[in-house]
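Below is one structure, written out as structure tokens; comments come after it.
The values are calculated or read from the model by the stated rules, or taken from the named source; none is laboratory data. Model, not experiment: these values are computed from the prediction. All accessible areas refer to the heavy atoms of the entire protein, side chains included, with ligands and DNA or RNA removed. Shrake-Rupley method; radii C 1.70, N 1.55, O 1.52, S 1.80 Å.
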Amino acid sequence: MPELQEQERIRAAVAQATADALREAEIHLPPDVKAALKSAYAAEESPVARSELEAIFENIETAERRNVPICQDTGVPVVYITIPPAVPYTDAITEGVRDGVRQATKEVPLRPNVVSPCTRENSGDNCGAGMPAVHISPGDTFTLTVLPKGAGSENVSALRMFLPSETGKIAQFITECMLRAGGKPCPPVILGIGIGSTADGAAALAKEALLEPLGEMTAFEQEIYNAVNALGIGPMGLGGKTTCLGVRIRKGGCHTASLPVALNVQCWAARRATVEVQYP
Amino acid sequence: MTTLTTPLGDEVLALKAGDRVTLSGMIYTARDEAHLRMQEAGIPFDPKGAAVYHCGPVVKEGKIIAAGPTTSARMNELSGFLLDAGVRALIGKGGMGDTVREELRGRGVYLAFTGGCAALAASRMTLKGVFFEDLGMPEAVWAIECRELPLTVAIDAEGNDLFRDVRLRAQRAFDEMF
């Protein structure tokens, strides 16, 4: 049965890539996030804000030295895969992701965070109905990106359906969300914002925006960044100049009568890693 | 920098919001489920002078691998019975509500540990035991001996609350902007 063997090979390759990406993401913070935290430290004057950031730097170094996760909330894995035309799109891909998550849960290790939504029964392996979430899109290369998402920041995410005439209220909405969130999402945070599409599409765009590295912002991203930082919430909500390390916006076409806006909040431990799947 | 050692006594009453401290000695983790269980079944450790840490650690083969704080506000309505029983310090992230600030008055403090700093915390912790293990790894009560955990006094025993001050300032800034 050569076809079955092929499926097994894809599944094993995706499993290995998932486990590798999770290990990398959980232990090593991406360079752009480290650089943004260093810039934030240089700007801070309050002793409390500086000591919070110093603890963060010591923590990043300790995680790398001891080869352990940066945060005990190792999150729930969100996985983005690109597949080139030569790779068959089958169940073997999502099954491979689940295998890889189970492997990483034991080996990294990851905290078993996935529970049934109403009974709260823990699956023990970070898998569950529809979990991990896997997003697949066509691409030139077979790559897998993981974005482990902790609850503290995810819980202050938001969605609002605006009137089409209300584009001028988006910055206020985002700033108000962060005012309410205070120190809960572990600031300094990164804000992923989805504008347009449908209600569900805007939420997906907001999370996808977090995949982009921090760097130069558009004028609108900068406007929201300035407004959120003017709140003075600071590192961990204890006051300071940096509440937000960066803002990333993704837009999608939408219904003429709609303007969905979604916010996905990411804590300072903005973990993400991409690996190439070794297949064929 | 003040050095604290559990069990804690009246020395916590002299701490001021904004002070940096280090904490050594036994601490006990507790999240939502553990608080509910303790209300029903009783506190499984000696609460006199104890420090309760809002944390669901990663534990592997009897070792603490990662143990940063979880959001304390979830325990706002679940903390009074601990303070009544003699607990002197709550440790977590993000601050706590007005009720807890009043419950701490003249009795104890809320200490903020930097969110996400799980590797740093674990490097200064030794696992000593566990209660309510059936609640699962994040929700069980883990007994941990810690060495010089770096913390910020966020709510002191006189009712000063750094998080509340920041919230009020942020609200004023928001009202000016919009």
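Would you kindly derive the ³J(HN,Hα) couplings of the stretch A:198-210 from the backbone phi angles with the Karplus curve 6.51 cos²θ - 1.76 cosθ + 1.60 (θ = phi - 60°), listing them in order in whole Hz, with x for Gly and Pro?
Per residue, the Karplus-derived 3J(HN,Hα) values read 10, 4, 6, x, 5, 5, 5, 4, 4, 6, 4, 4, 6 Hz.
Which residues, if any, in the stretch B:140-178 have at least 10 Å² less accessible area in the whole protein complex than in the isolated chain, probe 1.4 Å?
With the partner chains in place, the stretch B:140-178 has these residues losing at least 10 Å²: B:T152, B:L162, B:F163, B:V166, B:R167, B:R169, B:A170, B:Q171, B:A173, B:F174, B:M177, B:F178.
Tell me the Rg and the Dmax, in Å, that the Cα atoms of the stretch A:151-280 produce.
Rg and Dmax of the stretch A:151-280, Cα atoms, are 14.9, 52 Å.
Report which residues of the stretch B:23-58 become buried by 40 Å² or more of accessible surface when going from the isolated chain to the complete set of protein chains (1.4 Å probe; DNA, RNA and ligands ignored).
Correct list: B:V58.
Where does the Debye-calculated log10 I(q)/I(0) of the stretch B:20-106 sit at q = 0.16 Å⁻¹, using only Cα point scatterers of equal weight, no solvent?
-0.63
Could you check which residue among B:A119, B:A157, B:A41 shows the biggest mean-square fluctuation in a GNM of chain B with a 10 Å Cα cutoff?
The residue that fluctuates most here is B:A41.
Classify the protein assembly as shown: rounded, prolate or oblate, from the alpha-carbon gyration tensor (a ≥ b ≥ c, eigenvalue square roots; a/c under 1.5 rounded; otherwise prolate if a/b is larger than b/c)?
It comes out oblate by the Cα gyration axes.
Can you give the calculated 222 nm mean residue ellipticity of chain B, where each DSSP H run of n ≥ 4 adds -39,500 (n - 2.57) and the sum is split over every residue, rounded to the nearest 500 deg cm²/dmol?
Mean residue ellipticity, 222 nm, calculated: -6500 deg cm²/dmol.
Over the protein assembly as shown, with every protein chain in place, what whole percent of the accessible area is carbon and sulfur at 1.4 Å, could you tell me?
51 percent
Treat the stretch A:86-192 as a sphere of radius equal to its Kirkwood radius over Cα pairs and apply Stokes-Einstein at 20 °C in a medium of 1.002 mPa s; give the translational diffusion coefficient in µm²/s, rounded to a whole number.
On the way: Rh = 17.2 Å.
Translational D for this selection: 125 µm²/s.
Before rounding to the nearest 500, sum -39500 (n - 2.57) across all DSSP H runs of length at least 4 in chain A and divide by the residue total; then give [θ] at 222 nm in deg cm²/dmol.
Computed ellipticity for chain A at 222 nm equals -13000 deg cm²/dmol.
Can you give the accessible area buried between chains B and A, summed over both chains, with a 1.4 Å probe, in Å² to the nearest 100?
For B against A, buried area totals roughly 3200 Å².
Over chain B, with the other protein chains present, what is the accessible area per residue in square angstrom, probe 1.4 angstrom?
37 Å²
Through the Karplus equation 6.51 cos²θ - 1.76 cosθ + 1.60, θ set to phi - 60°, convert the phi angles of the stretch A:263-280 into ³J(HN,Hα) values in whole Hz; use x for Gly and Pro.
10, 10, 9, 10, 5, 4, 7, 7, 8, 7, 8, 10, 10, 7, 7, 7, 8, x
Would you mind working out the accessible area per residue for the stretch A:133-280, using a 1.4 Å probe, and quoting it in Å²?
That works out to 38 Å² per residue.
Determine the alpha carbon to alpha carbon distance for each of A:K207/B:K60; A:K38/B:K93; A:K38/A:K149 and list only those over 28 Å.
A:K207/B:K60
Looking at chain A as a GNM with Cα springs under 10 Å, which of A:Y80, A:Y89, A:Y225 has the largest mean-square fluctuation?
Comparing A:Y80, A:Y89, A:Y225 in the GNM, the peak value goes to A:Y89.
5 Å is the cut-off here: which amide hydrogens, built 1.01 Å from N in the peptide plane, fall below it relative to A:G139, excluding neighbours closer than 5 in sequence?
Those qualifying (amide H under 5 Å, at least 5 residues apart or on another chain) are A:I83.
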